[in-house]
Each structure stands twice: as C-alpha cells, then as structure tokens.
1. Shape of the range 72-173 from its Cα gyration tensor (a ≥ b ≥ c, root eigenvalues): rounded if a/c is under 1.5, otherwise prolate when a/b > b/c, or oblate?
2. Taking the Cβ-Cβ separation of Gln101 and Glu140 as r and a Förster radius of 22 Å, what is the calculated FRET efficiency to the nearest 0.05?
3. Testing the spin-label approximation: label points 7 Å from Cα along Cα→Cβ at Ala164 and Glu78. State their distance in nm.
4. Could you work out what % of the accessible surface of the chain is carbon and sulfur, using a 1.4 angstrom probe and leaving DNA, RNA and ligands out of the count?
5. Given Ala57, Ala148, Leu22, which one lies farthest toward the positive end of the charge dipole of the chain, if we put +1 on the Cβ of every Lys and Arg and -1 on the Cβ of every Asp and Glu?
6. Hey, can you grab everything whose amide H is under 5 Å from the amide H of Leu138? Only 5+ residues off in sequence or another chain; H modelled, so Pro and N-termini drop out.
7. Probe of 1.4 angstrom, ligands and nucleic acids ignored: what's the accessible area per residue over the chain, in square angstrom?
8. Rounded if a/c is under 1.5, else prolate if a/b beats b/c, else oblate: with a ≥ b ≥ c from the C-alpha gyration tensor eigenvalues square-rooted, which is the chain?
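The values are calculated or read from the model by the stated rules, or taken from the named source; none is laboratory data. None of the values given here were measured: they were computed from a predicted structure. When we count neighbours, we look across all protein chains shown, and the Cβ atoms used for this are built from the backbone with ideal geometry, even at glycine. All accessible areas refer to the heavy atoms of the entire protein, side chains included, with ligands and DNA or RNA removed. Shrake-Rupley method; radii C 1.70, N 1.55, O 1.52, S 1.80 Å.
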Amino acid sequence: MLTWLYRRFMPERADRAALAPLWHRIVAIAREPGWYAKGGLADTVPGRFDAITLMMALVMLRLERDPVLVPASARLTELFVADMEGQLRESGLGDPTVGKQIGKLMSALAGRIGALRGGLSAADSQVLVDAVARNASLAETADPAVIAAELRVLAGQLDALSDADLLSGRIAR
C-alpha cells in the first residue's frame, strides 16, 4: 500500500530509487582495483572521482542511444548529484560553495561523456587513449592505453545488456 502511494505521489523519487542498484554498480565498478593497479588511475580522491565519472559516462552513453531510456539517464544523474553533494558536505563544504562545486562536477561528467563518445566512435583507437590521458588523474606509471582498452571492453558489455539488466545494475565484470 505504501509503495503505491509513494509511486503515485512521488514518481520521480520512486524512479530514482529504482535506479539505485545501477548507481551502486557504477560505483563498485569504479572501485575495482584493476583500474588503479593495472591501468594506473591515481588512487586518490580526484582519481576515484575520475573513475566514477568514466564509468558513469559509459552508462550514460548506453542510455542515450535509446529514447525510451532518456528519463532513466536524468534520474541516474540525480543520483550522481545527490551522492556527490553528500560527499562534499561530509568533507566540510557549506551551502555557499556546494552548488558551485556540483556545477564543476557536472561539467567534468559532461566533458567525459563527450570525450568517450568521440573516443569510442573513432576509427583510430588512439583517440580514446588520448581522451583517457586528458580526462583522468593518472599515476606516474600509468598507461592510458590499458585504461582505454578496459573502457572499450566495458562499453561492449554495456551494449550487450538488455535494457532491464542495465537499469537494474546487472553488469557482469
């Protein structure tokens, strides 16, 4: 009964809650040690943010290919913003600066979506490698080609998923 009332009077929140497993899976994939140990993403706060936005960008690119899934991309973005806002507040930022920081984080996400869109669609694989080098915090020993190859594999996995599996976060790795 309460679920029906919740969905009836707060449909956007219910839609957002339905995508929580996908958001949590994106974060889990971004935390996989291979991105840092094998690929060379910097194991720092900026590096982990970069990992999350790279994974988020891949999922957003998959969602944007189907007009039916566009509303889901908006709800997923809301989850991203809510999580980032919570992280910023937890780190001690107050109301006057949180909005500005969220704007910067959204800009970074949008930039990564554009960079990956171009890199994944380019015939030359070096385009994606260059996009990774420009859009990720890398350790000194990093090889952006390794990260680019893994992103390409993950993009293929996302493309192969049914909409239902994607939306519920059933992304195998």
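1. Note, shape of the range 72-173 comes out oblate.
2. Step by step, r from the Cβ atoms, then E = 0.20.
3. 2.4
4. Percent of accessible area from carbon and sulfur atoms in the chain: 58.
5. Working it through, the farthest residue towards the positive pole turns out to be Leu22.
6. Ala42
7. 53
8. oblate
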